[in-house]
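Down below is the structure, laid out as structure tokens.
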Amino acid sequence: MSLSVQEFEHLEMEKKEEQLSSEGQFIACRSQGHYYVDLYSFADFFVEVWYVNMEEAFSKEGLREISLLTDIKTISQENEINRYIELYENTRTQ
């Protein structure tokens, strides 16, 4: 049985990761500064997974590619999903 958005929001980070890996559908990725943001659909709502690629953030230190998960949040406003639509439209017109 799928979780509601409220149930998902109250899970601990580790449980959110487990739910996304078993039930989430990857849709898109975008970048914002040093952050990468993956968009997933989950049941009847969307979820963003925020992480930092440590290799890019600290490339002078010679670190291997390591991603650091920083946040998992639900999208609750239409304007938040519109940025993905705009990103998609911009890539199609180039």
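The values are calculated or read from the model by the stated rules, or taken from the named source; none is laboratory data. Computed from a predicted model, the values in this text were never measured in an experiment. For neighbour counting, all protein chains shown are included, and Cβ atoms are generated from backbone atoms with ideal geometry for every residue, glycine included.
Is it true that Tyr88 is buried (at least 16 other Cβ atoms within 10 Å of the Cβ), part of a helix (DSSP H, G or I), out of contact with any Gly (no Cβ under 9 Å at 6 or more places or on another chain) and at pLDDT below 90?
Considered against the rule, which asks whether it is buried (at least 16 other Cβ atoms within 10 Å of the Cβ), part of a helix (DSSP H, G or I), out of contact with any Gly (no Cβ under 9 Å at 6 or more places or on another chain) and at pLDDT below 90, Tyr88 comes out as no.
So Cys29 clears everything in (1) farther than 13 Å from Thr70 by Cβ; (2) more than 10 Å from the chain's Cα centre (by Cα); (3) modelled with pLDDT under 90 except one condition, right? Which one?
Failed condition: (2).
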